[in-house]
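Structure, as structure tokens:
The values are calculated or read from the model by the stated rules, or taken from the named source; none is laboratory data. Just so it is clear, the structure is predicted and the values come from calculations on it, not from any experiment. Positions of Cβ are backbone-derived with ideal geometry, glycine not excepted, and every protein chain shown enters the neighbour counts. Ligands, DNA and RNA are stripped out before the accessible areas are found, and what is left, the full protein with its side chains, is counted by its heavy atoms. Shrake-Rupley method; radii C 1.70, N 1.55, O 1.52, S 1.80 Å.
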Amino acid sequence: MLNDLVTGKKAELTLDGKTYSLPIMEGSEGERAIDIRTLRSETGYVTIDSGYMNTGSCASNITFLDGEKGILNYRGYAIEDLAEKCSFVEVAFLLVHGSLPTGLELKKFSDLLGGFALIHEDLIHFFDHFPPYSPPMSILSSMVNTLCNFYPEMTDNPGEDIDMMSARLISKVRTIAAFSYKKSMGQPLVYPRHDYPYCANFLNMMFDSPVNPYVVNDEVVAALNKLLILHADHEQNCSTSTVRLVGSARVNLYASISAGISALWGPLHGGANQAVIEMLEEIYENGGDYKQYIDKAKDRNDPFRLVGFGHRVYKSHDPRALIIKKACESVLRSLGISADPLLDIAREIEEVVLQDPYFVERNLYPNVDFYSGIIYRAIGIPSNMFTVMFAMGRLPGWIAHWKEMWDDPNWRIGRPRQIYTGPQRRPFVSLSERD
Ligand code: ACO
């Protein structure tokens, strides 16, 4: 795929008096890159780019985002349209297959999701052996890795049937997530139901109980669909790059996704949605003086950051944050929550920060996580499950990227270079001669 992107244009690089001509590549939305694939073999030099701020690791036709303009498209469709008009299952199909499903395809995919919803009964015993208070992301990552022991047929020939493979994983992760919550509450497990669509089924597994049957609320289902859609992919972010890198060693899908879940766990990545609500709760419990937290975030001598602000790529606004903010208000209204002190604090922080030169100069805007936690909290999801919800949403994106990487004829194992800064080769000192 990469060779097809090479244009006739060239960049010139002069090193040690010799000039090299580097091809220029261009993507379908006009993104440009300098092709340095032969740089080291031709010049002996490597490039250094910590944090990969300027490095394209692959060509991909899954997701386009323009951080300056605040654009996010999955397979060419605007996130605003998808969030408004689709279910999460349709978007999952879109990401994995590249096109929106027809009615028949959607039914087939939904039936597969329903059919794969159970997890092996022996796998359920695993939940009993995690210590109490184990972080749900650690449980999720372990359980997903363990799936390959229970369903090895899907790892033998992993490129074969993407429908089966993706439906199995998307469905079972939902069940694992709900079961881990029930176990943490010491409540009986609620098994999946074939007659419920994806999000309603998850909510029922989470909140139904023998003494208090769960009644599906359409507004809550709609909000959950929206949240999962907004999180479903975000091109080469930390967790997706992890999935691709791990998968580049030709490890199976489960192990690759399990690594992606671990990356997502980090507070600078997916863990931020939990951190936001904890920060808002702390501000509320300390009397609501949010300005002191803003000052702390601006203090260069204080490592504290205002969680929910800033993004590596979005430098104008995060389009997902705008959609979530609107959804947040309508969910609270439909649940009859007329006032939420945390939402009030969040709104006030946003208002102040958007005027503050520190944040304006650094292009720090609310990101996707700033309001999502308020919705999750309103629908009864505990804060330690927020990042698990993010993982459920991101799963179709991870699968699509893993598959794209797997099928890429230019695939190579990911293996960056470095600049070594340690001691030069020196004589070995035997143990008896060391002081
Ligand atoms: N609060 C205060 N200052 C911040 C914040 C913040 N949330 N984010 C960035 N800054 C400042 C940095 O201190 C730095 O200031 P300096 O130039 O004076 O040194 C400048 O803005 C640039 O910050 P970087 O860390 O270089 O930006 P980077 O692109 O590497 O990081 C990140 C992006 C990790 C998201 C960062 O903005 C952050 O830590 N935000 C808070 C955590 C968060 O909300 N994460 C969720 C991201 S969305 C997602 O993963 C789904």
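Please go through segment 114-164 and pick out each residue that is outside any helix (DSSP H, G or I), open to solvent by less than 70 Å² (accessible area, probe 1.4 Å), modelled with pLDDT of 80 or more and not hydroxyl-bearing (Ser, Thr, Tyr). Correct list: 116, 117, 119, 130, 135. Within the set 243, 251, 276, the sole residue that is among the β-branched types (Val, Ile, Thr), part of a helix (DSSP H, G or I) and over 11 Å from residue 397 (Cα atoms) turns out to be 276.
Residue by residue, here is whether (1) on the phi > 0 side of the Ramachandran plot; (2) in contact with a Ser or Thr (Cβ under 7 Å, 6 or more places away or on another chain); (3) of a type outside the set (S, T, N, Q) holds:
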position	(1), (2), (3)
294	no, no, yes
310	yes, no, yes
313	no, no, yes
325	no, no, yes
330	no, no, no
334	no, no, no
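Checked against (1) surrounded by 19 or more Cβ atoms within 10 Å (Cβ to Cβ); (2) modelled with pLDDT under 90, residue 338 passes all but a single condition, namely (1).
Just to be sure before I move on: is residue 337 among the aliphatic types (A, V, I, L, M) and under 30 Å from residue 138 (Cβ atoms) in the structure I sent? Here the answer is no, as residue 337 does not meet what is asked.
One residue stands out in segment 67-92 among those that are in contact with a Phe, Trp or Tyr (Cβ under 9 Å, 6 or more places away or on another chain) and acidic (Asp, Glu): the one that is modelled with the lowest pLDDT, namely 68. Kindly evaluate residue 318 against the criterion of being within 10 Å of the ligand (Cβ to nearest atom), closer than 22 Å to residue 68 by Cα and either in contact (Cβ under 8 Å) with a residue 40 or more places away in the chain or open to solvent by less than 60 Å² (accessible area, probe 1.4 Å) (or both). Yes; evaluated as a whole, the condition is true for this residue.
Is at least one residue of segment 278-292 within 9 Å of the ligand (Cβ to nearest atom) and either modelled with pLDDT under 95 or on the phi < 0 side of the Ramachandran plot (or both)? There is no residue in segment 278-292 that is within 9 Å of the ligand (Cβ to nearest atom) and either modelled with pLDDT under 95 or on the phi < 0 side of the Ramachandran plot (or both).
Which ones in segment 351-365 are open to solvent by less than 60 Å² (accessible area, probe 1.4 Å), out of contact with any strand residue (DSSP E or B) (no Cβ under 9 Å at 6 or more places or on another chain) and within 11 Å of the ligand (Cβ to nearest atom)?
Filtering segment 351-365 for residues open to solvent by less than 60 Å² (accessible area, probe 1.4 Å) gives 352-353, 356, 358-359, 363-364.
Still in the running and out of contact with any strand residue (DSSP E or B) (no Cβ under 9 Å at 6 or more places or on another chain): 352, 356, 358, 363.
Result: 356, 358, 363.
Of the residues that sit in segment 2-35 and are surrounded by 14 or more Cβ atoms within 10 Å (Cβ to Cβ) and over 16 Å from residue 54 (Cβ atoms), which one is modelled with the lowest pLDDT? Result: 2. Have a look at 47, 43, 63 and point out the one that is without any contact (Cβ under 8 Å) to a residue 12 or more places away in the chain and β-branched (Val, Ile, Thr). When all the criteria are applied, what remains is 47. Please determine, by comparing only the residues of segment 250-276 that are at pLDDT below 95, crowded, with 24+ Cβ neighbours inside 10 Å and under 30 Å from residue 304 (Cβ atoms), which one is nearest to the ligand (Cβ to nearest atom). Only one residue tops the list, namely 272. Annotation: residue 41 fulfils all but one of (1) within 25 Å of residue 312 (Cα to Cα); (2) loosely packed, with under 13 Cβ neighbours inside 10 Å; (3) away from the ligand (no atom under 16 Å from the Cβ); (4) among the hydroxyl-bearing types (Ser, Thr, Tyr); the unmet one is (1). The set of residues in segment 233-249 being more than 14 Å from the ligand (Cβ to nearest atom) and either under 12 Å from the mean Cα position of the chain (by Cα) or in contact (Cβ under 8 Å) with a residue 24 or more places away in the chain (or both) consists of 243, 244, 245, 247, 248, 249. Scanning segment 323-350 for residues that are free of Cβ contacts under 8 Å to residues at least 12 places away in the same chain and either within 16 Å of the ligand (Cβ to nearest atom) or not acidic (Asp, Glu) (or both) yields 326, 333, 336, 338, 339, 347. The residue list 84, 90 contains one member that is outside any strand (DSSP E or B) and loosely packed, with under 13 Cβ neighbours inside 10 Å, which is 84. For residue 420, the conditions (1) within 16 Å of the ligand (Cβ to nearest atom); (2) within 28 Å of residue 55 (Cβ to Cβ); (3) over 19 Å from the mean Cα position of the chain (by Cα) all hold with the exception of (1).
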